[in-house]
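Presented below is the structure to which this report refers.
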Amino acid sequence: MFQYNGYWATALFETHLILTVITSAFWEALLGTAHGHPLKKPEGAHYQNQKGGVRMINLSINGKSYSYNGDEDMPLLWFIRENAKLTGTKYGCGIAQCGACTVHLNGEAVRSCVVPMVDVADANVETIENLIKGETLHFVQRAWIEQDVPQCGYCQSGQIMAVVKFLEQFPNPTDKDIDNHHTNICRCGSYIEMRKAIHLAATFQKEGGQ
Amino acid sequence: MMQSRRSFLKSTVTASGTLLVYFNLGALAQEQDVTTEVKANPMPFIEMDNNGNITFISSRTDMGQGSPTSLAQILLDEMDADWDKLVHVRETEETERSAYEEGLSTIGAISTIIGWFNHRKAGACLRGGFKLAAASIWQVDEKGLITEKSKVINPTNGEYLEYHQLYQKLSDLYLADVPEFKTREQATLVGKPLRQLRTRERVTGNATYGIDVSFPELKIGMIERCPTFGGSVKSFDGSKAREIPGVIDIFQVSNGVAIVAEGFWAAKKGREALEIEWDHGPLSIVSSEEIEKQLEDKLVNPDQIEKNEGDAANELAKSSGVKLSGDFNFPFVAHATMEPMNATAWVTRDRCEIWAPTQCKLDAHDQVAKFLGRNRNEIVLHRTLCGGGFGRRAQEDFVIEAVEASHKSGYPVKLIWTREDDMRHDYYRSISKLQITGKINDEGELSAWDSKLSFIDTSPYHFSPQDRNTKDGLFVGHAGIVPAYKIPNINLSYGYLDLPITVGILRGISHGYTNFAIEVMIDRLAKKANIDTLELRANLLNENERASTVIDTLKKVDQENPVLNGMGRGYAFAYEGEPGSVYQYYSAHMADVRHLDDGSLKVHKIWIVADHGRVINPASFKRQIHSSIYFALSMMRSGEITMTNGQMEQSNFDNYPVSFIGEGAEHVEIKLLDNGAHPMGCGEKMQAGIQPAIANAIENLTGEEVNGIPVKRLA
């Protein structure tokens with residue numbers, strides 16, 4: 001097992017319960033209503049705060065096991081980027097507005113910039129790097145290439161991760177479905193090409209493509 | 001083929017057997033009649049390995065605008081290379097300004113304009129060189145040989161040699177200074193809608209932006225900057241911040257207090273625990289309203305007369321004709337690139353290495369050298385991919401910050417701006433005001449035009465250090481104030497406020513507000529005089545063939561698409577440059593707007609007719625127009641940064657929203673005239689025409705004036 005010893009080994013546990021409550025409420029209030037992908041608190045995220053002890057958070061990212069015992073308030077995004085060194089997942093806003101940090105957490109699309117580490121104990125996380133199987137691109141990635149969607153490309157990892165889950169929910173999406181439920185920001189405005197790619201990806205999905 | 005001792009191209013075969021081909025500025029300088037000898041430091045622009053695989057070395061920043069792909073198309077087309085053998089793109093590592101006759105800055109649509117000279121010539125020279133090399137092997141006249149897909153072919157016997165079989169010979173040859181260019185009909189890549197070069201990296205998470213730079217020793221830095229513009233640190237206490245696990249160092253820097261930590265989160269938490277006393281400076285009592293008052297004064301007391309021909313005051317005083325005045329207001333606008341500002345620097349005693357997502361690599365390099373007081377050659381600056389640019393990354397402030405943080409801490413530091421930092425410490429498009437009075441005389445001519453503009457002095461912050469605090473540094477604040485229209489009596493003036501607020505270039509620069517006001521006034525005047533607004537524009541532009549053609553083309557589009565019930569339609573024209581210059585574009589815009597059930601306004605359709613000369617990649621060009629529409633709509637709907645007590649109020653996408661996927665135009669139709677004139681990119685240029693066309697459509701739909709942005713009812 002890959003063991004990671006965080007820098008935050010002496011986290012302030014007296015305050016962390018309060019912090020957790022704040023962040024979770026913040027997260028649900030913000031995301032549960034304002035964004036297309038309802039976020040559920042991951043199952044198995046129960047924990048006991050043992051005063052004076054350092055609790056180890058175990059999680060899996062792209063099938064690889066990680067342990068973390070630093071600041072439980074740290075957003076998952078920074079664990080993914082800095083600890084697991086998977087930089088395909090991007091920082092854009094830190095408040096779950098833009099979606100550049102979208103990953104799959106226990107099978108659901110979440111904005112990892114507001115998911116605290118305390119909520120991902122025993123969770124399965126998948127990032128953009130895990131979408132490709134061997135040399136075979138995911139069908140959403142294929143559609144993205146077919147329509148040549150990216151401009152700067154910075155938001156596209158998050159866009160693609162969001163669309164993978166969107167298409168599970170809306171296998172035959174209308175333009176209206178896309179407008180209402182795909183809420184990731186692309187500042188380059190690659191949306192016209194993206195809309196075509198989403199429809200194309202839906203046809204690939206129906207054909208049963210990876 | 002003409003040969004010269006001073007070849008435009010130089011090629012060498014490296015130790016590993018790779019061909020490196022260079023531009024040679026000496027030859028270029030000669031062609032441009034520059035008499036002084038320029039010592040050339042050659043710029044590598046292509047590599048070819050011994051299987052014929054090609055690496056394109058991008059001279060320009062890749063921030064999504066597509067120019068690296070277009071430049072590769074120009075080069076590989078002209079050299080008749082096989083596009084499928086283009087397997088890799090990398091950023092140029094050149095450090096010297098003298099290598100390029102200009103500073104590699106990626107701004108203002110110049111990539112394609114200059115690329116059409118340099119990359120095209122390089123390709124043609126190279127193609128000629130391969131033919132010469134093959135001719136010498138076969139002992140035939142090179143004039144009888146043809147090239148195709150990285151091969152030189154002898155059509156008389158079908159024999160061929162591939163380019164990579166020839167490049168060893170190439171380095172012995174003097175290549176032509178005046179090569180033979182392919183005709184338009186012979187083009188194989190230019191004009192083709194080829195895919196962008198880095199798409200696969202970008203959809204797999206493998207593209208490396210500035211913020212992704214990583215190596216084991218690297219620490220994360222953040223700066224707490226004074227929230228008030230022009231303020232400074234009075235004192236600070238970092239003791240609480242030091243208790244945050246992961247915080248390594250805290251120290252004062254030029255524009256605030258820096259924190260260096262093991263990771264982003266520790267840096268952020270540490271920064272939140274800093275206790276800083278600020279000297280908020282003179283702006284602490286200044287808000288947007290106060291700035292607007294000062295801008296109002298500047299309309300009356302301008303600093304500069306830009307143009308004064310005929311007698312506008314006298315013509316406007318006459319009672320004949322139709323006269324109208326309009327006042328327009330534009331707020332500060334932020335860039336909000338998806339990748340917030342960041343840079344990585346490692347400063348040691350004798351070396352400084354930097355990784356930066358910059359639009360102005362060499363300017364940034366110069367300024368780092370100046371900041372550290374070191375020689376340029378002790379500094380290495382790697383340019384990375386950029387997560388959007390829109391002009392923000394033309395400034396070097398974020399690079400200097402990283403250098404200072406590393407220099408003072410001794411660590412290699414990736415200095416990251418949070419979104420809040422990025423939005424509150426931007427180089428904004430200046431807040432501005434325009435007042436235009438125009439007149440159409442009884443003959444239906446635009447007989448007088450009086451235009452006053454005010455903005456915040458851009459020159460102290462101009463992206464190009466050499467233009468700072470000069471008259472040229474003001475250009476980005478007033479560009480576009482001169483209408484293309486025939487106007488016998490014209491007076492144009494502008495004034496600027498000296499305020500310590502960082503203002504700079506933002507996609508389309510000042511054309512976004514100057515052309516907005518011009519085009520709305522033209523429409524209002526035409527309507528008041530009962531003249532068809534497109535007809536008026538056509539008449540006023542009839543001496544400029546390219547301008548007339550875009551208007552005439554839009555007239556046809558207009559006739560073919562009658563306005564539907566419930567729609568308001570508006571038009572706008574946009575241009576830059578003058579006949580004879582390579583820097584010219586013309587575009588005509590038409591927008592239909594309708595009411596939604598909730599009373600908001602929806603852009604139903606936008607038509608754009610564009611003449612940007614020959615089109616290198618039509619797919620890329622159209623993608624930029626699509627992009628521009630969303631960008632223009634974001635700005636028009638909610639692109640408003642306001643200042644209270646010297647501090648910017650907006651901080652993130654929740655209070656400075658940008659367009660979602662459903663917030664564009666419902667339909668877009670584009671006509672590229674592609675007339676063969678010198679090519680020009682369009683990344684920023686559409687910002688001049690889209691908003692005024694929509695504004696005119698809204699005025700026609702609602703009967704209400706649109707006197708600037710934001711238009712909060714836009715859906």
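The values are calculated or read from the model by the stated rules, or taken from the named source; none is laboratory data. Because the structure is a prediction, the values reported are computed rather than measured. Please note: Cβ atoms are built from the backbone with ideal geometry, for glycine as well, and neighbour counts cover all protein chains shown. To get the accessible areas, we keep the full protein, side chains included, count just its heavy atoms, and leave off ligands, DNA and RNA. Shrake-Rupley method; radii C 1.70, N 1.55, O 1.52, S 1.80 Å.
Would you please name the residue that is farthest from the other protein chains (Cβ to nearest Cβ), looking only at residues in the range A:136-145 that are open to solvent by 20 Å² or more (accessible area, probe 1.4 Å) and assigned to a helix (DSSP H, G or I)?
By that ranking, first place goes to A:Arg142.
Taking the condition of a type outside the set (Ser, Thr, Tyr) and touching a residue at least 40 places away in the same chain (Cβ under 8 Å), does B:Gln196 pass?
So B:Gln196 fits the description; yes.
Which of the residues spanning the range B:407-429 are within 13 Å of another protein chain (Cβ to nearest Cβ) and open to solvent by 10 Å² or more (accessible area, probe 1.4 Å)?
Listed by number, the residues that qualify are B:Lys414, B:Glu420, B:Asp421.
Does A:Asp148 satisfy being acidic (Asp, Glu) and within 11 Å of another protein chain (Cβ to nearest Cβ)?
yes
Could you say which residue among B:Leu540, B:Leu534, B:Leu492 is touching a helix residue (DSSP H, G or I) at 6+ places or on another chain (Cβ under 6 Å) and open to solvent by less than 20 Å² (accessible area, probe 1.4 Å)?
On inspection, the qualifying residue turns out to be B:Leu534.
What tally of residues in the range B:668-705 results from selecting those that are farther than 23 Å from B:Ile110 by Cβ and out of contact with any Gly (no Cβ under 8 Å at 6 or more places or on another chain)?
Going through the range B:668-705 one residue at a time, the tally reaches 5.
Select from the range B:430-444 the residues that are touching a residue at least 40 places away in the same chain (Cβ under 8 Å) and in a loop (DSSP other than H, G, I, E, B) and write down the one among them that is most open to solvent (accessible area, probe 1.4 Å).
Among them, the one singled out is B:Asp442.
Could you tell me whether any residue of the range B:693-703 is closer than 30 Å to B:Thr183 by Cβ, surrounded by fewer than 17 Cβ atoms within 10 Å (Cβ to Cβ) and of a type in the set (Gly, Ala, Ser)?
First pass over the range B:693-703, keeping only residues closer than 30 Å to B:Thr183 by Cβ: none.
Checked the range B:693-703: no residue is closer than 30 Å to B:Thr183 by Cβ, surrounded by fewer than 17 Cβ atoms within 10 Å (Cβ to Cβ) and of a type in the set (Gly, Ala, Ser).
Regarding B:Ala207, is this residue in a loop (DSSP other than H, G, I, E, B) and surrounded by 23 or more Cβ atoms within 10 Å (Cβ to Cβ)? Give the derivation first.
On the way: in a loop (DSSP other than H, G, I, E, B): yes; surrounded by 23 or more Cβ atoms within 10 Å (Cβ to Cβ): yes.
It is true that B:Ala207 is in a loop (DSSP other than H, G, I, E, B) and surrounded by 23 or more Cβ atoms within 10 Å (Cβ to Cβ).
Among the residues of the range B:605-630, how many are farther than 12 Å from B:Ser70 by Cα and either facing chain A (nearest Cβ under 10 Å) or modelled with pLDDT under 95 (or both)?
Going through the range B:605-630 one residue at a time, the tally reaches 9.
Might you let me know whether the range A:177-197 holds any residue that is in contact with a strand residue (DSSP E or B) (Cβ under 9 Å, 6 or more places away or on another chain) and at positive phi?
No: the range A:177-197 contains no residue that is in contact with a strand residue (DSSP E or B) (Cβ under 9 Å, 6 or more places away or on another chain) and at positive phi.
It is to be established whether one or more residues within the range B:194-201 are more than 9 Å from chain A (Cβ to nearest Cβ) and open to solvent by less than 30 Å² (accessible area, probe 1.4 Å).
Looking through the range B:194-201, none of the residues is more than 9 Å from chain A (Cβ to nearest Cβ) and open to solvent by less than 30 Å² (accessible area, probe 1.4 Å).
Taking the range A:74-88 as the search range and keeping residues that are facing chain B (nearest Cβ under 7 Å) and more than 16 Å from B:Lys269 (Cβ to Cβ), which one is least open to solvent (accessible area, probe 1.4 Å)?
A:Gly88
Among the residues of the range B:628-661, write down those that are part of a helix (DSSP H, G or I) and either within 30 Å of B:Gly281 (Cβ to Cβ) or free of Cβ contacts under 8 Å to residues at least 24 places away in the same chain (or both). Even if it seems obvious, please write down each step before you answer.
Step one: list which residues in the range B:628-661 are part of a helix (DSSP H, G or I), which gives B:628-638.
Across the range B:628-661, the qualifying residues are B:Met635, B:Ser638.
For the range B:115-157, which positions are surrounded by fewer than 18 Cβ atoms within 10 Å (Cβ to Cβ) and out of contact with any Leu (no Cβ under 9 Å at 6 or more places or on another chain)?
Across the range B:115-157, the qualifying residues are B:Gln139, B:Val140, B:Asp141, B:Lys143, B:Gly144, B:Ile146, B:Glu148, B:Lys149, B:Thr156, B:Asn157.
Quick one: B:Phe621 ticks every box in (1) within 26 Å of the chain's Cα centre (by Cα); (2) open to solvent by 10 Å² or more (accessible area, probe 1.4 Å); (3) more than 29 Å from A:Ala197 (Cα to Cα) except a single one, so which number is it?
(3)
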